[in-house]
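S.K.: Quick one: structure below, then a few questions.
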Amino acid sequence: MATATAAFTTSELMVVAGARELHDGELAFVGLGIPQVAAALAQRTHAPGLVVLNEIGLADPRPIEFGVGNADPRHWYGASFMGSFSDVMGYLLARGLVDVGFLGALEVDAFGNANATEVRREDGSTRRFGGGGGSNDIASLARSTVVIVRHERRKLVERLEHLTNPGSLDGAGARTRAGLPGDGTRSVLTDKCVFGVDPSSGRLVVRSVHPGITADELRASTGFPIDLAPDLPTTAPPTREELELIREVIDPDRRYTRSF
Amino acid sequence: MTKLVPLGEAAALIHDGDHVALGGFSITRNTIALVHELVRRKVRGLTISACVLGIEADLLIGAGCVERLVYSGGSLDRFGQLGRVNEAVERKAIAFEYMSGLALTFRYAAGALGLPYMPIRSMLGSDLLPPLVAAGVAREERDPFGGGPLVLVRALVPDVAVVHAQVADADGNARVLGPRWDNDEAVAAARSVIVIAEEVVDAEEIRRLPELTLVPSFRTSALVHLPYAAHPTAVYRRYDYDADHLRLYAEATRSQRAFDDYVDRYVRSTDHASYLAAIGGEAKLASLAADSRLGY
């Protein structure tokens with residue numbers, strides 16, 4: 001593992017894998033941290049026309065430093081448009097114009113549904129987090145969603161404590177029957193692998209494994225059964241150019257890319 | 001006609017049991033000074049609503065002013081969680097309606113348009129919907145024009161919307177710079193509006209750029225001129241959030257006891273001027289001044 005990952009951190013690999021999920025000309029909501037760094041990298045490489053939206057009510061910011069959240073004016077700097085929640089979550093997202101939402105989650109299930117609300121403590125009581133905000137709107141109404149989550153058994157679960165953000169619901173076709181537009185979760189990015197979605201079942205399938213991660217490790221840290229093809233590809237590592245951009249331009253303080 | 005009143009007079013417009021739409025979003029543009037005054041006045045039984053809650057909601061809930069919460073999310077961003085909000089919801093110490101951000105915005109929009117409800121596709125198939133249906137504030141129906149399932153979300157008409165503005169004139173025309181999240185809809189839905197402004201300017205200045213006016217004077221019930229009334233949250237193009245104080249608050253709100261100590265020190269025993277002195281006075285405030293080019 002040491003030799004395979006010596007040249008880059010797991011979070012740098014995740015940034016690069018995340019950036020490859022974002023395409024030129026797309027409208028995207030991206031969460032704080034790795035998704036945001038991934039969007040910045042995509043904009044500086046293959047997707048100069050990627051437009052980032054902020055649910056607080058603005059579009060296409062060009063931040064020159066990281067802030068603490070959507071409400072931090074550091075993340076508003078350079079925007080081409082400022083308006084209201086309705087402007088971005090309504091007239092763009094509900095209208096069906098948003099290509100992808102790149103969101104974090106407390107838990108993800110085998111159908112790519114996500115919990116952004118609460119988890120169960122070991123004593124059985126509920127631990128409430130701040131709430132999903134606009135993440136249900138994004139997962140419901142964007143054309144597709146990419147979810148990022150730490151790869152642990154307690155986070156990749158058979159059954160969510162709260163289905164806040166719909167992926168494939170309970171299988172292929174379920175979103176359409178429920179009345180939801182869009183495809184739902186199209187990939188789940190973790191610190192061990194990248195999941196895609198099997199269109200015939202709506203279930204997550206491992207698309208690539210990060211360097212140095214074994215099949216046993218992957219099974220042991222996933223709370224739902226996974227099929228692993230014998231010839232699974234390794235997640236493509238960062239190029240020298242991508243690493244330079246991450247380290248020297250986008251995240252020089254290594255705020256999100258030091259380790260995961 | 002001037003709408004300028006002292007803070008206490010504006011706070012007195014909010015009565016026990018009222019529904020107050022809060023204007024802040026996480027760590028930005030919270031009506032902190034007004035909320036402090038409500039805590040000092042021991043207002044009780046409030047319903048509060050906002051898409052993304054900040055310290056203003058946490059203070060009101062921690063101080064026992066709130067009976068019902070209508071929201072979609074909220075935090076202190078990277079500084080931490082809203083401890084009093086989350087604990088009250090976990091323990092069901094208050095009633096709550098938890099929905100998507102757009103659903104809440106559309107509920108205000110229905111109120112603003114005088115309509116009973118708005119249709120939306122958010123929340124279909126999720127665990128957000130059943131409790132809202134049970135509470136009688138949402139229904140799943142089919143599009144009567146032949147389309148598929150829709151969620152109908154019920155109109156929300158707050159008694160009062162409170163909003164922090166960078167600039168207003170004495171008549172109560174209020175200008176907000178930067179993104180406006182759910183402010184437009186909440187202000188338009190509410191029966192009355194209280195504006196807290198950093199600066200009061202001549203009416204001619206407002207009329208020079210009326211496209212920046214968020215609240216027209218005829219909607220405004222009271223205007224309070226109070227610089228730094230949003231501290232420790234940020235006011236775009238005026239001042240940054242106070243990271244030191246947010247860290248201190250994030251720690252305090254982790255437990256009711258520490259929160260109570262915080263409120264004793266920074267809220268109950270102060271007025272706005274002595275609060276600003278307690279958080280570091282002019283030197284601290286000067287350090288938060290926004291760079292005119294960056295906006296923060």
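The values are calculated or read from the model by the stated rules, or taken from the named source; none is laboratory data. This structure is a prediction, so every number in the text was calculated from the model and none was measured. All Cβ positions, glycine included, derive from the backbone under ideal geometry; neighbour counts span all protein chains shown. Protein only, heavy atoms only, side chains kept; ligands, DNA and RNA dropped before computing areas. Shrake-Rupley method; radii C 1.70, N 1.55, O 1.52, S 1.80 Å.
S.K.: Looking at (1) farther than 20 Å from B:Arg121 by Cβ; (2) in contact with a strand residue (DSSP E or B) (Cβ under 7 Å, 6 or more places away or on another chain), which one does A:Gly131 not meet, given that it meets all the others?
M.R.: All conditions pass for A:Gly131, except number (1).
S.K.: Moving on to the next point. Every residue in the range A:33-72 that is open to solvent by 10 Å² or more (accessible area, probe 1.4 Å) and at positive phi, please.
M.R.: A:Asp60
S.K.: Return the only residue of A:Val52, A:Val119, A:Val88, A:Val37 being within 12 Å of chain B (Cβ to nearest Cβ) and more than 30 Å from B:Glu90 (Cβ to Cβ).
M.R.: A:Val88
S.K.: With respect to B:Pro158, is the statement that it is more than 23 Å from B:Asp271 (Cβ to Cβ) and crowded, with 24+ Cβ neighbours inside 10 Å true?
M.R.: Numbers: more than 23 Å from B:Asp271 (Cβ to Cβ): yes; crowded, with 24+ Cβ neighbours inside 10 Å: yes.
Yes.
S.K.: Could you look through the range B:228-244, keep only residues that are out of contact with any Ser or Thr (no Cβ under 8 Å at 6 or more places or on another chain) and of a type in the set (Phe, Trp, Tyr), and pick out the one that is most open to solvent (accessible area, probe 1.4 Å)?
M.R.: Among those residues, the one meeting the criterion is B:Tyr228.
S.K.: Looking at A:Leu141 and the list (1) open to solvent by less than 50 Å² (accessible area, probe 1.4 Å); (2) more than 14 Å from chain B (Cβ to nearest Cβ), which single condition is not satisfied?
M.R.: Result: A:Leu141 passes all but (2).
S.K.: Is it the case that B:Leu102 is more than 11 Å from chain A (Cβ to nearest Cβ) and without any contact (Cβ under 8 Å) to a residue 60 or more places away in the chain?
M.R.: no
S.K.: Now, a different point. Can you say whether B:Ser122 is part of a loop (DSSP other than H, G, I, E, B) and polar (S, T, N, Q), as far as the supplied structure shows?
M.R.: Details: part of a loop (DSSP other than H, G, I, E, B): yes; polar (S, T, N, Q): yes.
Judged against the criteria, B:Ser122 is a match.
S.K.: Out of everything in the range B:161-209 that is open to solvent by 40 Å² or more (accessible area, probe 1.4 Å), aliphatic (A, V, I, L, M) and away from every other protein chain (no Cβ under 14 Å), what residue ends up being nearest to the chain's Cα centre (by Cα)? Let's see the steps before the verdict.
M.R.: Residues of the range B:161-209 open to solvent by 40 Å² or more (accessible area, probe 1.4 Å): B:171, B:177, B:180, B:184, B:191, B:199-200, B:202, B:204-205, B:207-209.
Still in the list and also aliphatic (A, V, I, L, M): B:177, B:200, B:209.
Then keep just the ones that are away from every other protein chain (no Cβ under 14 Å); that gives B:200, B:209.
Values: B:Val200: 21, B:Leu209: 25 Å.
Here the residue is B:Val200.
S.K.: Output the residue which, of all residues in the range A:152-170 that are closer than 17 Å to A:Val205 by Cα and away from chain B (no Cβ under 12 Å), is most open to solvent (accessible area, probe 1.4 Å).
M.R.: A:Arg153
S.K.: Has the range A:178-198 got at least one residue that is of a type in the set (S, T, N, Q) and touching a His at 6+ places or on another chain (Cβ under 7 Å)?
M.R.: For the range A:178-198, residues of a type in the set (S, T, N, Q) and touching a His at 6+ places or on another chain (Cβ under 7 Å): present.
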